[in-house]
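*Asks:* Sending over a structure as structure tokens; questions will come in a sec.
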């Protein structure tokens, strides 16, 4: 049955559509609208079709007459020109959310009874201008995890369009200067702006609120159920959200920067829908990869989908035997492990915990044969890098959960003072510890992931769970001082060093063997005496040598040797150096110790006076280059 309020609609032919694709879609002479609804016999379920901005529907279609299959209701309208139209589903007199919607229009005549948003039937035309994905190899990638709004919302961000996709485009020169070639966005689809902690309590999660009002929180991160096919309008400002996100991806691709998107799926999401949403973003928005978050995700099914074989997929773990049954001849390594193993082991070693030398060495060289691996020391859910060396304890009081939320196991060290300090010795130690952490992160094998703001010493004031802080706590503070400038320059130089030397970003895991019979293994371990590392539980220092004969640069020349003298002990240590091939000498390239005068040393300087040993200060790293 069809109701009309406009005589023009009499010329439209209405027929039952196919069960797929879900959501709105174009057909030969019109559109198909399909959605899922588990209806009872007495339910009334209608499709309201409006001219854009009109208060009254032009067309009302009783959807129960158009059951396509199972619980899928689908209707085809033709001939029909969809531009200028919008729609809603109405179930028993109330708006029924279409989880397969592709975009929203704001309805100017909204009231409490009439929702603000109506669903778009088509998105605006967009010119991709022959957009090409970078398709970077995992060992080429330097990642940057970033919140779209928090990246540029602060008053000191220096952009015109603060807190938006456009604002991120304005920051591309900054990302290029730093050396970033892949960004990972926290959820940037249309999620609810608030969350109800009382709902979590009903699911058996602890209740930290004191009243019903206190249980409502800002949903800053976006980890909730959502309209997964719609870019977030709040991040687009006054621009159309679909066009704004496409402009962001296109602009990033022009600069050879990949765009990865986080997707959080709660356990009540249909697994088939998950794959449908992901392939839609890859096809419609040209994203380069997905980071899956949540339990009960059909990750093997997603990883084995041939439509996603060139799309990077990040997750906690993969059953590679099952995946390779479906893709036995995969030509592109698109899967990468993304978990906290590196973070916790390196944090322990950084703060001089006992018996972590071997764990550090394992994380430094780890590079699985069938997947990539993402390394990080900080991320959005936890301390920033500055806070990691400034706080022993979390300080989440502003979350209004009595500081009981957030992780209690941070493995941080405040360097002697809890929180901000003006003491020169404390600040110097914090800077050194941050630089140590950056060396571990950027120069380990695997793919480094930098948490946005760490490169300029951003703080969250000790809050390690700012999920509800859409304010200066979670935003990046862009005002710089000499401390943050030093951290930025050091980070940039480390990335340049990594990129310039293939031995520092191998495609295959180092074997600790001389498998090309050159007289040196690809990776070797040392300590006070060359070739004789010490792994006693009280040892906190170790030497590593990388042999450049196992890697060639872009000019097909052998890379050089590197020696990492790593001392996480609170006492100085002497390292006897392994001998280089005849004619080569050791040069100091990097040091995290303030007393050296410069943290990066130009190679024109003279070689070490003593080619047999070096003295490494407490809690310091010295990197030598063999030329």
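*Asks:* Working only within region 53-78, note down all residues that are more than 36 Å from the chain's Cα centre (by Cα) and part of a loop (DSSP other than H, G, I, E, B).
*Replies:* Answer for region 53-78, where residues must be more than 36 Å from the chain's Cα centre (by Cα) and part of a loop (DSSP other than H, G, I, E, B): 53, 54, 55, 56, 57, 58, 66, 70.
*Asks:* Can we say residue 346 is modelled with pLDDT of 95 or more and not in a helix (DSSP H, G or I)?
*Replies:* no
*Asks:* Continuing with the same structure: Could you please find all residues in region 391-417 being buried (at least 21 other Cβ atoms within 10 Å of the Cβ) and farther than 17 Å from residue 353 by Cα?
*Replies:* 394, 396, 399, 401
*Asks:* Quick one: how many residues across region 558-594 are within 30 Å of residue 430 (Cβ to Cβ), assigned to a loop (DSSP other than H, G, I, E, B) and within 32 Å of the chain's Cα centre (by Cα)?
*Replies:* 3
*Asks:* Out of everything in region 160-170 that is surrounded by fewer than 20 Cβ atoms within 10 Å (Cβ to Cβ) and assigned to a loop (DSSP other than H, G, I, E, B), what residue ends up being farthest from the chain's Cα centre (by Cα)?
*Replies:* Here the answer is 160.
*Asks:* Could you tell me how many of the residues in region 464-510 are in a loop (DSSP other than H, G, I, E, B) and without any contact (Cβ under 8 Å) to a residue 12 or more places away in the chain?
*Replies:* Total satisfying the criteria: 2.
*Asks:* What are the residue pairs meeting all of these: first residue in region 45-69, first residue over 19 Å from residue 13 (Cβ atoms) and in the same structural domain as residue 14 (by TED's automatic domain parsing), second residue part of a helix (DSSP H, G or I) and at pLDDT 95 or above, Cβ atoms under 7 Å, and 6 or more apart or on different chains?
*Replies:* Here the result reads 45/63; 45/64, each pair linking region 45-69 to a residue that is part of a helix (DSSP H, G or I) and at pLDDT 95 or above.
Okay, residues lined up against (1) over 16 Å from residue 360 (Cβ atoms); (2) touching a residue at least 60 places away in the same chain (Cβ under 8 Å):
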position	(1), (2)
519	yes, yes
528	yes, no
587	yes, no
592	no, yes
609	yes, no
612	yes, no
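*Asks:* Failed condition for residue 336, given (1) buried (at least 17 other Cβ atoms within 10 Å of the Cβ); (2) more than 20 Å from the chain's Cα centre (by Cα); (3) in contact (Cβ under 8 Å) with a residue 40 or more places away in the chain, with all others met?
*Replies:* (2)
*Asks:* Of (1) under 26 Å from residue 291 (Cβ atoms); (2) crowded, with 16+ Cβ neighbours inside 10 Å, residue 317 satisfies all except one. Which?
*Replies:* It fails just one condition, (2).
*Asks:* What about residue 564, is it crowded, with 22+ Cβ neighbours inside 10 Å and either out of contact with any helix residue (DSSP H, G or I) (no Cβ under 7 Å at 6 or more places or on another chain) or on the phi > 0 side of the Ramachandran plot (or both)?
*Replies:* So residue 564 does not fit the description; no.
*Asks:* Considering 96, 73, which residue is modelled with pLDDT of 95 or more and closer than 30 Å to residue 239 by Cα?
*Replies:* 96
*Asks:* Still on this model: Going by the structure shown, is residue 615 under 16 Å from residue 357 (Cα atoms) and modelled with pLDDT of 95 or more?
*Replies:* No, not satisfied.
*Asks:* If you don't mind, another one. Residue 539 is checked against (1) surrounded by 18 or more Cβ atoms within 10 Å (Cβ to Cβ); (2) within 25 Å of residue 371 (Cα to Cα); (3) in contact with a helix residue (DSSP H, G or I) (Cβ under 8 Å, 6 or more places away or on another chain) and fails just one. What number does that condition carry?
*Replies:* It is condition (2) that residue 539 fails.
*Asks:* Just to be sure before I move on: is residue 461 farther than 20 Å from residue 594 by Cβ, over 20 Å from the mean Cα position of the chain (by Cα) and in contact (Cβ under 8 Å) with a residue 24 or more places away in the chain in the structure I sent?
*Replies:* So residue 461 passes the test.
*Asks:* Ok, one more. From 86, 81, which residue is within 19 Å of residue 12 (Cα to Cα), assigned to a loop (DSSP other than H, G, I, E, B) and without any contact (Cβ under 8 Å) to a residue 60 or more places away in the chain?
*Replies:* Step by step, each of 86, 81 is checked, and only 81 is within 19 Å of residue 12 (Cα to Cα), assigned to a loop (DSSP other than H, G, I, E, B) and without any contact (Cβ under 8 Å) to a residue 60 or more places away in the chain.
*Asks:* So, of the residues in region 358-394 that are farther than 27 Å from residue 537 by Cβ and part of a strand (DSSP E or B), which turns out to be nearest to the chain's Cα centre (by Cα)?
*Replies:* Step by step, filter region 358-394, then rank; the result is 374.
*Asks:* Tell me the residue from 396, 375, 403 that is assigned by TED's automatic domain parsing to the domain that holds residue 448 and free of Cβ contacts under 8 Å to residues at least 12 places away in the same chain, please.
*Replies:* The match here is 403.
The values are calculated or read from the model by the stated rules, or taken from the named source; none is laboratory data. Computed from a predicted model, the values in this text were never measured in an experiment. Neighbour counts run over all protein chains shown; Cβ positions are idealised from the backbone, glycine included.
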